[in-house]
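Participant: Please find one structure pasted underneath; my questions will follow.
The values are calculated or read from the model by the stated rules, or taken from the named source; none is laboratory data. This structure is a prediction, so every number in the text was calculated from the model and none was measured. Glycine gets a Cβ as well: all are built from the backbone with ideal geometry, and neighbour counts include every protein chain shown. In case anyone asks, the SASA skips ligands and DNA or RNA and just uses the protein heavy atoms, side chains included. Shrake-Rupley method; radii C 1.70, N 1.55, O 1.52, S 1.80 Å.
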Amino acid sequence: MDDKSLEILEFPRIREILAGFTSFSASHELAVNLQPLSDYEQVSLLLTQSAEARHLLSVEPDFSIGGVVDIREAVKMAALGKMLEPRALLEIQGTIAAVCQLRGRLRKLAKELPLLWNIAEGIVELRQVEKDIGSRLAPTGELLDSASSKLATVRQRLRQAREQLLNRLEAVIKSPRGRKIIQEPIITEREGRYVIPVKVEFRKEIKGIVHDVSNTGATVFIEPWTTVELGNELRELVMEERREVERILRELSSEVGAHEAEISHSIDLVAELDLALAKARYADMARAAEPVLTTFKEDGKGNAGEQAGVLRLVEARHPLLAEKAVPLSVEMGRDFSVLVITGPNTGGKTVALKTIGLLSLMAQAGIPTPASAETCLPVFDSIFADIGDEQSIEQTLSTFSWHVGNIVRIIKSATEKSLVLLDELGTSTDPAEGSALARSILLSFSSRGTMTVATTHYGDLKAFAHTTPGLQNASLDFDPVTLMPTYHLTVGIPGGSNALATASRLGLPSEIIADAREMLSEGAQELETLLADLMNEKRRVEALHRDLGKARDEVEQRNTKLRSELQRLEAGEQKVIQETRDRVLYEAAELHKEIRQAASELRKEKSRERIEQARKAVAAVQEQLQSDVWQATAGGKTDEEAADESSIAPGDTVWLKEANLQATVLSVSEETRQIEVQAGRTRLSLNLDSVQKVVSVGGEATSQFIPVRRKLRGGAVSLELDLRGKRADEIYAALDRYLNDAYLANLGEVRIAHGFGTGTVRDIVRELLASHPLVKSFRAGKRGEGGDGATIAEL
């Protein structure tokens, strides 16, 4: 990237703001040295890391790197053989522990945050180093007695020697002679030796070594001869302790230094993570988001199709203006590559230029931009800016010369993948020549496809942008009522400079303004009037658009409300239907239960009275089942046929169509469309379609009873009936039908598989077998026959 343009666009200030959100010096250093990149893949990676960090803080707002400190310098010194102080070793221990904890927390979120985990995964957990330091150093930095057996022994001897020495000095002080000669009854220390304060006039009264004299000269500090040997022993133990402490510290330092590469690498990775978190914290403060990256078509990366090479800012705000920033929305790169911005002085043209450039730099540095998430930005190979005035008297550079020098540098370096920002192009010289030069420069950038944004006050430059393909006008609006700029950018319409109105607002005398207005050419005044009319018309269109949008939103809200109400009603309807269906099924189950009970009674009791009672019960149930609640449309049958079938009831005489026999109806199942009849001594279970009701003529019906045995189905009857998965209301008909078929097929023994489950199907099966006239006996299956999940019936 162009360093001069970074300064002009104030990117270093963004780095300083970002660095303020970092947690330790290593990540702070990364932030202040952050550079925009021009590689799409790298930029995309950085922005995705930032997005993951934002998600992490939204889930865990207090997430941080913990107590990590930049220990790289101390570890480097340890690697060179230097002995580290206890405080430095404690910092290393705390940092290693915090790094391990950070890695562990991100490992748990690896699926949600794959890129952040990809960084954290490289962190080396040095648990043994952490343990070794923690087991030898107290949190205060003092070496523990347990750091080594020798240190424990030396310190034990040291405590004993000190106690013995102090006791002896205490005895001297408390002796009659001692009370006479000492200045104060205390024991103090001078130059590492224990002494007592003695009055100077009594210095000859006690033999010993003078180690110090008070400032007043009234007191001498003497080590008595009787304690000198103990003092020497104590001094030797102190030195021995110091040597052991240094040995242990060197050992720990050496262990740390041996892992210098791993520790330094881990700190670098933690700095990367903290930088991503700093970007997320900045995004929260600035209400920023990661833009959608676009790139140029020939790159074959990023968003293809219409998005390729498009720059679109939506509600973008200059990051250094905070709450004062007015949102900017602009799109270019689709139909045109050069945008010419005009408008009033102090109207925000330069801020618009800087906003476009600075947000592009931020995105390419992986920093969220203060704009809507719909914002799209290309990955430029470089961004150039010619903004401001740096004329130099010493270098004999005029304002014009400085600008031209910048433009020469930009023209030499810019490509079709660059972004060029030019403020007040062609000014500070003759207007005619400056305008011609500006048009030529813009045409040059347009011909090579370089995305360019320029500001100007030249009227013919506005006309040039209007008539030249690849160029487009834009204007910053001016309120003709308040004579104040609105800072709102409108693409497609050139704006007036409104110099007279601005000068008047800034306090220029009105008579001067009036004289200047009279001096304007008629064409210039008409142009200003036309531009003002265009702006008023644009405001009316915008107001109409807002009203239409509001009306559309209201209609959409009403539609949403109606859809919700419809869904509620449909849900209620489904609930009612389900409740009704459940109630009907329950009643049906109860009715079928009554049918089974009645049929059972018919089989068990042969007396005419019981048969009549059962027949009446079956008839009553059948009548209820044939009521309108239970009737279904008789599809594919004539009304007469349907009436015949529905009128067949137990006790009726029917004609067996295939056998040409008459039979008496024992039971009818409308659900399965099966009928049980008796012809002579034989009971048959047939389809309802295979019989026809015999209507008596004159109260009599001819009947012949011939014993018959016939097979109802073609093919062999299976030795097994599988009832697993059947509903309770299906079991009776299926089992009764199967027993009839098995009996007619001369099967002596059959197997009914009902499974284990809750035992309901098994109980129903055995209840029916117990009362069925064709069943001689039954038993549970043996091993190899299905056990209690099957029943064996002997016919």
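Participant: With a cut-off of at least 1 residues that are under 30 Å from Ala53 (Cβ atoms) and polar (S, T, N, Q), name the strands (runs of 3 or more DSSP E) lying wholly within the range 188-301.
Facilitator: The strands (runs of 3 or more DSSP E) meeting that bar are 292-294.
Participant: I need the full set of residues from the range 65-78 which are in a loop (DSSP other than H, G, I, E, B) and either touching a residue at least 40 places away in the same chain (Cβ under 8 Å) or polar (S, T, N, Q) (or both), in order please.
Facilitator: The answer is Ile65, Val68, Val69, Asp70, Ile71.
Participant: Out of (1) surrounded by fewer than 20 Cβ atoms within 10 Å (Cβ to Cβ); (2) more than 20 Å from Glu272 (Cβ to Cβ), what's the single condition that is false for Ala88?
Facilitator: For Ala88, the failing item is (1).
Participant: Criterion first (over 28 Å from Ser647 (Cβ atoms), at pLDDT 85 or above and of a type in the set (Lys, Arg)) does Lys782 satisfy it?
Facilitator: So Lys782 passes the test.
Participant: So which of Ser58, Ser44, Ser23 ends up being more than 25 Å from Val292 (Cα to Cα) and among the polar types (S, T, N, Q)?
Facilitator: Ser23
Participant: Are there any pairs with C-beta distances below 9 angstrom linking a residue in the range 170-193 that is touching a residue at least 40 places away in the same chain (Cβ under 8 Å) to a residue that is of a type in the set (Asp, Glu), with the two at least 6 apart or on different chains, and if so which?
Facilitator: Sorted first by the residue in the range 170-193, then by its partner, the pairs are Arg193/Glu223.
Participant: Go through the range 730-743 and count every residue that is buried (at least 19 other Cβ atoms within 10 Å of the Cβ), more than 14 Å from Glu676 (Cα to Cα) and either charged (D, E, K, R) or at pLDDT 85 or above (or both).
Facilitator: So the answer is 2.
Yes or no, residue by residue, for (1) at pLDDT 85 or above; (2) part of a strand (DSSP E or B):
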site	(1), (2)
Asn303	no, no
Glu306	no, no
Glu315	yes, yes
Val330	yes, yes
Ile341	yes, yes
Ile356	yes, no
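Participant: Still on this model: Against the condition over 30 Å from Ser413 (Cα atoms), of a type in the set (Lys, Arg) and more than 34 Å from the chain's Cα centre (by Cα), how does Lys76 come out, does it pass?
Facilitator: Judged against the criteria, Lys76 is a match.
Participant: Collect the residues in the range 189-204 that are open to solvent by less than 60 Å² (accessible area, probe 1.4 Å) and within 18 Å of Arg162 (Cα to Cα), keeping them in residue-number order.
Facilitator: Result: Gly192, Arg193, Tyr194, Val195, Ile196.
Participant: Another question about this same structure. State all residues of the range 90-138 that are free of Cβ contacts under 8 Å to residues at least 40 places away in the same chain and among the basic types (Lys, Arg); if no residue qualifies, say none.
Facilitator: The answer is Arg103, Arg107, Lys108, Lys111, Arg127, Lys131.
Participant: Is there a residue being part of a helix (DSSP H, G or I), modelled with pLDDT of 75 or more and surrounded by fewer than 15 Cβ atoms within 10 Å (Cβ to Cβ) anywhere in the range 374-395?
Facilitator: Checked against the condition, which is being part of a helix (DSSP H, G or I), modelled with pLDDT of 75 or more and surrounded by fewer than 15 Cβ atoms within 10 Å (Cβ to Cβ), the range 374-395 yields no hits at all.
Participant: Six or more apart or on different chains, Cβ atoms under 8 Å: show the pairs whose first residue is in the range 413-438 and open to solvent by 40 Å² or more (accessible area, probe 1.4 Å) and whose second is of a type in the set (Phe, Trp, Tyr) and at pLDDT 90 or above.
Facilitator: Ser413/Phe384; Lys417/Phe380
Participant: Could I ask something else about it? Might you check whether a residue that is within 45 Å of the chain's Cα centre (by Cα), within 30 Å of Thr48 (Cβ to Cβ) and at pLDDT 85 or above occurs anywhere in the range 421-435?
Facilitator: For the range 421-435, residues within 45 Å of the chain's Cα centre (by Cα), within 30 Å of Thr48 (Cβ to Cβ) and at pLDDT 85 or above: present.
Participant: Can you report the number of residues in the range 232-245 which are open to solvent by 70 Å² or more (accessible area, probe 1.4 Å) and free of Cβ contacts under 8 Å to residues at least 40 places away in the same chain?
Facilitator: 4
Participant: Give the residues of the range 111-145 that are open to solvent by 20 Å² or more (accessible area, probe 1.4 Å) and more than 30 Å from Ile248 (Cβ to Cβ), sorted by residue number.
Facilitator: Within the range 111-145, Lys111, Glu112, Pro114, Leu115, Trp117, Asn118, Glu121, Gly122 meet the criteria.
Participant: Also, I was wondering about something else. Filter the range 322-343 down to the residues that are on the phi > 0 side of the Ramachandran plot and free of Cβ contacts under 8 Å to residues at least 24 places away in the same chain and list them by number.
Facilitator: Within the range 322-343, Ala322 is the sole residue that qualifies.
Participant: Turning to a different aspect of this structure: Scan the range 671-687 residue by residue and report those that are open to solvent by 30 Å² or more (accessible area, probe 1.4 Å) and in a strand (DSSP E or B).
Facilitator: If the condition is that a residue be open to solvent by 30 Å² or more (accessible area, probe 1.4 Å) and in a strand (DSSP E or B), then Gln674, Gln678, Arg683, Asn687 are the ones that fit.
Participant: Before we move on, is Glu130 of a type in the set (D, E, K, R), assigned to a helix (DSSP H, G or I), within 46 Å of the chain's Cα centre (by Cα) and under 30 Å from Ala53 (Cβ atoms)?
Facilitator: So Glu130 passes the test.
Participant: Right, here's the next one. Scanning the range 212-231 for residues that are open to solvent by 40 Å² or more (accessible area, probe 1.4 Å) and in contact with a strand residue (DSSP E or B) (Cβ under 9 Å, 6 or more places away or on another chain), which turns out farthest from Leu169 (Cα to Cα)?
Facilitator: For the range 212-231, the residue satisfying everything is Ala218.
Participant: If you don't mind, there's one more thing I want to ask. With the requirement that a residue be within 25 Å of Lys111 (Cβ to Cβ) and surrounded by fewer than 19 Cβ atoms within 10 Å (Cβ to Cβ), what does the range 19-50 give you?
Facilitator: Glu41, Gln42, Ser44, Leu45, Thr48
Participant: Residues Ile263, Ile267, Ile248, Ile186: which one is more than 30 Å from Ala120 (Cα to Cα) and surrounded by 15 or more Cβ atoms within 10 Å (Cβ to Cβ)?
Facilitator: The unique qualifying residue is Ile248.
Participant: Identify, by number, the condition in (1) modelled with pLDDT under 85; (2) exposed (fewer than 14 other Cβ atoms within 10 Å of the Cβ) that Lys776 doesn't meet.
Facilitator: The single condition Lys776 does not satisfy is (1).
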